[in-house]
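The values are calculated or read from the model by the stated rules, or taken from the named source; none is laboratory data. Everything numeric here is computed off the predicted structure, so don't read it as measured data. Note: ideal-geometry Cβ built from the backbone for every residue, glycine included; neighbour counts use all protein chains shown. With ligands, DNA and RNA removed, areas are computed over all heavy atoms of the protein, side chains included. Shrake-Rupley method; radii C 1.70, N 1.55, O 1.52, S 1.80 Å.
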Amino acid sequence: MLNSSIITIRKPDDWHLHLRDGEILKAVLPHTTRQFARAIIMPNLKPPIRSVADAAAYRKRILAAIPQGHQFEPLMTLYLTDNTSPQEIRAAKSAQFIKGIKYYPSGATTNSDLGVTDMGKCNGVFEVMEAVGLPLLLHGEVTDHRVDVFDREKVFIEKYLIPLQSRFPNLPIVFEHITTKDAVQYVLAASNLAATITPQHLLFNRNSLFQGGIRPHFYCLPILKREEHRLALLQAATSGSPRFFLGTDSAPHTKQNKENSCGCAGCYSAFHAMELYAEAFDSVDALDRLEGFASFYGPDFYQLPRNTTSLTLTKTTWRVPDELGLMGSGLIPLRAGEDISWKMMESG
Ligand code: NCD
Ligand code: ZN
């Protein structure tokens with residue numbers, strides 16, 4: 001149902017989420033389970049989730065942290081390393097709860113030091129994934145420090161993604177958190193590939209990083225880009241193309257680890273994700289396209305059923321808190337202290 005101030009959509013899922021573990025997991029999970037029925041859980045813990053046994057144990061800890069009365073299904077992933085074996089991939093496919101294998105180039109982002117140093121080392125694994133149809137979830141950036149940080153996604157496409165797809169044409173791929181018009185164009189032209197888009201890349205460009213001073217809470221990887229890229233992403237997300245779907249990349253870090261001389265990458269959006277997406281879609285008068293992006297195209301790509309329950313948002317202005325509690329240090333949500341014009345009312 002849709003009119004100008006209230007919208008009810010099928011319950012959405014988050015196809016890219018960081019939950020961490022322990023106390024942080026307990027603090028952040030209720031924000032996600034309030035809005036989303038399922039989420040793809042990223043495996044970049046310390047140490048990372050590398051085996052089916054690790055994923056099974058982590059899944060249990062997540063299930064134990066779900067608040068009473070909330071329904072939520074964590075969809076698990078494994079963290080690919082130079083040493084992941086084809087047998088582990090077969091075991092992952094047999095374990096029904098694992099839905100993808102996450103590729104981090106070594107050193108690209110938070111907890112990626114055990115990531116892949118050379119994609120060529122993974123050919124045996126990719127062959128099995130292609131054969132059994134297990135999706136590869138890509139952090140698509142090169143880590144070569146000679147490449148400008150704003151160009152790392154574009155160079156990844158040319159240097160790694162095109163060769164990968166020509167060698168494994170039937171391997172299902174999710175190009176995670178795309179940030180450029182180059183990625184949008186690539187996704188539209190390729191096959192067996194879809195992309196997630198975050199709320200921050202739909203709402204902000206790189207100026208937000210330097211508004212009156214340095215703004216660490218807008219720092220995530222891949223980094224925010226120029227306005228022309230934001231506009232291309234907004235156009236893609238609201239186009240109705242099933243190749244683009246919701247993945248918040250909500251990545252909690254303590255306030256202390258963000259506001260630091262070497263601050264961590266990651267924006268925290270799980271608290272108000274659907275409201276942020278609604279605002280982005282509303283900005284281009286495309287709220288009628290939100291349901292496909294948030295609730296249909298993700299499950300269709302992963303060959304899972306669409307949810308049957310619903311979520312309602314209304315056009316109501318409210319203020320994002322300055323800070324949320326997290327282990328005595330605080331957690332700063334995206335757009336802290338600013339007004340937001342959509343509010344989630346109910347979900348059932
Ligand atoms: C993520 C994190 O903190 O785990 N950070 C981020 O900036 N997006 C890692 C990632 O997805 O790159
Ligand atoms: Zn991420």
For this session: Excluding residues fewer than 8 places away in the same chain, name every one of the lysines whose C-alpha is closer than 25 Å to that of Lys154.
Result: Lys102, Lys121, Lys181, Lys225
For this session: Please report, in debye to the nearest 20, how large the charge dipole of the chain is about its Cα centre when each Lys and Arg carries +1 at its beta carbon and each Asp and Glu carries -1 there.
Result: 480
Problem set entry | Euclidean distance between Cα centres, the stretch 140-173 to the stretch 69-105, Å | 21
For this session: Could you state the angle between the C-alpha long axis of helix 123-132 and the longest principal axis of the C-alpha atoms of the chain, as a value from 0 to 90 degrees rounded to the nearest 10?
Result: 70
Seminar exercise, completed: For the chain, one quarter of the surface area of the C-alpha convex hull, expressed in nm², comes to 16.0
Problem set entry | Angle in degrees between helix 52-65 and the longest Cα principal axis of the chain, rounded to the nearest 10 | 10
Seminar exercise, completed: For Lys99, the lysines lying under 20 Å Cα to Cα, once residues fewer than eight places off in the same chain are dropped, come out as Lys11, Lys60
Problem set entry | Nearest 10 degrees, 0 to 90: helix 273-283 Cα axis against the chain principal axis | 70
Exercise. Tally Lys/Arg at +1 and Asp/Glu at -1 over every other residue whose Cβ is under 13 Å from the Cβ of Ile24; what's the total?
Worked result: +3
Exercise. Roughly to the nearest percent, how much of the accessible area of the stretch 10-311 is carbon and sulfur, given a 1.4 Å probe?
Worked result: 48
Exercise. Per residue, how much space in cubic angstrom lies within the convex hull of the C-alpha atoms of the stretch 1-144?
Worked result: 141
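For Arg319 and Leu231 in the same chain, what is the full-extension length gain: residue separation times 0.36 nm, less their Cα-Cα distance, in nm? Let's see the in-between values first.
Numbers: separation 88, 0.36 × 88 = 31.68 nm, distance 2.52 nm.
Contour length minus Cα-Cα distance gives 29.2 nm.
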Exercise. Local charge sum around Leu138 (other residues, Cβ-Cβ under 12 Å, Lys/Arg +1, Asp/Glu -1)?
Worked result: -2
Problem set entry | 5 Å-binned pair-distance histogram of the stretch 70-131 (Cα, whole percent) | 4, 18, 27, 22, 16, 9, 3, 2, 0
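Can you give the calculated 222 nm mean residue ellipticity of the chain, where each DSSP H run of n ≥ 4 adds -39,500 (n - 2.57) and the sum is split over every residue, rounded to the nearest 500 deg cm²/dmol? All intermediate terms of the calculation are to be shown ahead of the outcome.
Working: 12 runs with 104 residues, N = 348.
So the helix-based figure for the chain works out to -8500 deg cm²/dmol.
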For this session: For the stretch 291-331 and the stretch 37-53, compute the distance between their C-alpha centroids and round to whole Å.
Result: 20
Exercise. Which residues does a label at Ile6 reach in the stretch 277-318, if reach means a backbone N under 12 Å from a point 7 Å past the Cα toward the Cβ?
Worked result: 312-315
Problem set entry | Per residue, in Å², the accessible surface of the chain once ligands and nucleic acids are set aside, probe 1.4 Å | 40
